[in-house]
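Mind having a look at this structure? Questions to follow.
The values are calculated or read from the model by the stated rules, or taken from the named source; none is laboratory data. Worth saying up front: this structure is predicted, and the values here are computed from it rather than measured. For neighbour counting, all protein chains shown are included, and Cβ atoms are generated from backbone atoms with ideal geometry for every residue, glycine included. The area values use the complete protein model at the heavy-atom level, side chains included, leaving out ligands, DNA and RNA. Shrake-Rupley method; radii C 1.70, N 1.55, O 1.52, S 1.80 Å.
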Amino acid sequence: MKPKVFVSRLIDREALDMIAKVAGMEVWRDELPPPYEVLLEKVKDVDGLLSLLSDRVDTTLMDAAPKLKVISNLAVGYDNIDITEATKRGIQVGNTPGVLTETTADIAFTLLMAAARRVVEADRHVRKGQWKTWGPMILLGQDIHHATLGIIGLGRIGIEIAKRARGFNMNVLYHDVVRNEEAERQLGVKYISELNELLSTSDFISVHVPLLPGTHHLIGASEFAVMKPTVVFINTSRGQVVDQKALYEALRLGKIFAAGIDVTEVEPISIDDPLLILENVVITPHIASASVHTRKNMALMAAENLLAGLRGEVLPNCVNPEVTQ
Ligand code: GLV
């Protein structure tokens, strides 16, 4: 009998075809994710689940899916999944690292430039008919070239940001729990062991850490307080890494110059959220990996993980390899 899988959203056709060849597949085709109660029902007798970061995959869900062998997350991050619980139950969990690294770095740099040079605000200015003349004091932003960029988390994406920054003659600092001396040699980046030192000396700050208990609200009121008032703050990691109320206050009071964020503490952000009233923040709806090419590669990678798990093989990209050892 063919194994059964549930795919929690419409993804690339080629990836779906790969799965359909070997498994009985149900695909959730709505634009919005399946409600949690529906997901519980859908996984009842599946061997594999292809999930998105908007699906909560917790103990209750795993209880509801006694046959589940593999969870393949279409994302590099997997904070939506209880990994400890999956490991306890011998369920392999896969993710999609690597293929989205540069696409994500591109959007972080896009936000950095847009926020620094007030691009979105300037576009609104034009559309509202406010462009009256070439104004010597109008819409002045911050220079990117030759500025100091502080990267928090020099992983795959952080390294790609550093490469982009080099093209702009930026001076690049980084803070991480582990020092990467090879990256220092290759990219000319400088390690700063104290987070506060990086925060207080950078003109741009870009966050690239995973969401873990230790990184929840890593950046809050006291961190914004030590930043330069001219700083441009970028977050493309996870919304919960930043205390969003503190970010709002820092932006509102001019304690920092601007921010560019692709992620928010609650997604989607409420249309009533006060952040949306501020001119000095650019917000994109968690689209960092959203290029045609990258989303296809992510879907193919997620399909490969799923199929390997169904065959009882080690996933090509497994986040809990101890399950199979
Ligand atoms: C997106 O946020 C991802 O983790 O892939």
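Going by a ≥ b ≥ c, the root eigenvalues of the Cα gyration tensor, does the stretch 214-262 fall in the rounded group (a/c under 1.5), the prolate group (a/b larger than b/c) or the oblate group?
Prolate.
If you build the Cα gyration tensor of the stretch 101-283 and take the root of 5 times each eigenvalue, what three semi-axes come out, in whole angstrom, biggest first? Walk me through the intermediate numbers first.
Values: eigenvalues 138, 76, 42 Å².
For the stretch 101-283, the ellipsoid semi-axes come out as 26, 20, 14 Å.
Mind grabbing the base-10 log of I(q)/I(0) for the stretch 263-320 at q = 0.29 Å⁻¹? Debye formula, identical points on the C-alpha positions, no solvent, two decimal places.
Treating every Cα as an identical point scatterer, log10 I(q)/I(0) equals -1.11.
Can you tell me the mean projection area, over all orientations, of the convex hull of the chain's alpha carbons? Units nm², please.
Convex hull of Cα atoms, orientation-averaged projection: 18.3 nm².
For every helix of n ≥ 4 consecutive DSSP H residues, a contribution of -39,500 (n - 2.57) applies; sum these over the chain, divide by its total residues, and give [θ] at 222 nm rounded to the nearest 500 deg cm²/dmol.
-10000 deg cm²/dmol
Looking only at the chain, where both bridge partners belong to it, what percent of the DSSP beta bridges are antiparallel (to the nearest 5)? If you can, show how the numbers build up before the last one.
Details: 1 of 39 bridges.
Counting only bridges with both partners in the chain, antiparallel ones make up about 5 percent.
Stokes-Einstein at 20 °C, 1.002 mPa s, Kirkwood radius from Cα pairs: D for the stretch 1-99 in µm² s⁻¹?
Numbers: Rh = 13.5 Å.
For the chosen part, D equals 159 µm²/s.
Hey, which lysines would be in cross-link range of residue 67, C-alpha to C-alpha under 17 Å, not counting anything within fewer than 8 residues on its own chain?
Here the lysines satisfying the reach criterion relative to residue 67 are 2, 4, 42, 44, 88.
Between residue 128 and residue 221, what length comes free when the chain is fully extended (0.36 nm per residue of separation minus the Cα-Cα distance, one decimal in nm)?
Details: separation 93, 0.36 × 93 = 33.48 nm, distance 3.36 nm.
Between residue 128 and residue 221, full extension yields 30.1 nm more.
Also, I was wondering about something else. So how tilted is helix 101-116 from the main axis of the chain? Cα-based, degrees 0 to 90, rounded to 10.
With both axes taken from Cα atoms, the answer is about 30 degrees.
Let me ask another. Could you provide, to the nearest whole Å², the per residue accessible area of the stretch 187-276 with probe 1.4 Å?
43
Expressed as an acute angle from 0 to 90° and rounded to the nearest 10, what is the orientation of the C-alpha long axis of helix 156-167 relative to the principal long axis of the chain?
Approximately 30 degrees, to the nearest ten.
Compute the accessible area per residue over the stretch 1-92, keeping the other protein chains in place, probe 1.4 Å, unit Å².
With all protein chains present, the stretch 1-92 gives 49 Å² per residue.
Would you work out what percent of the accessible area of the chain, with all protein chains in place, is carbon or sulfur (probe 1.4 Å)? It would help to have the intermediate numbers written out before the result.
Values: 8750 of 15860 Å².
The computed percentage sits at 55.
Taking the mean number of other Cβ atoms within 10 Å as a proxy for protection, how do you rank 121-127, 301-307 from highest to lowest?
On the way: 121-127: 13.0, 301-307: 25.0.
Ranking the peptides 121-127, 301-307 by packing returns 301-307, 121-127.
In bins 5 Å wide, starting from 0, what share of all Cα pairs of the stretch 138-186 does each bin hold, as a percent?
All Cα pairs considered, the percentages come to 5, 20, 30, 21, 11, 7, 3, 2, 1.
Taking every pair of alpha-carbon atoms in the stretch 178-325, give the share separated by more than 23 Å as a whole percent. Show your work: numbers first, answer last.
Values: 5513 of 10878 pairs.
Within the stretch 178-325, distances greater than 23 Å cover 51 percent of Cα pairs.
Which whole-angstrom value gives the distance between the alpha carbon centres of the stretch 36-105 and the stretch 302-322?
12
Nearest 10 degrees is fine. How inclined is helix 292-310 to the longest principal axis of the chain, computing both from alpha carbons?
Between helix and principal axis, roughly 30 degrees.
Determine which lysines satisfy two conditions relative to residue 163: a Cα distance under 28 Å, and not lying fewer than 8 residues away in the same chain.
In chain and number order, the partners are 190, 228, 296.
Here's a follow-up. Each residue of the stretch 236-243 in order: what ³J(HN,Hα) in whole Hz does its phi give by Karplus 6.51 cos²θ - 1.76 cosθ + 1.60, θ = phi - 60°, with x for Gly and Pro?
Once rounded to whole Hz, the list reads 10, 8, 9, x, 6, 6, 10, 6.
What order do you get for 207-215, 179-187 when each peptide is scored by the mean count of other beta carbon atoms within 10 Å, highest first?
Final packing ranking: 207-215, 179-187.
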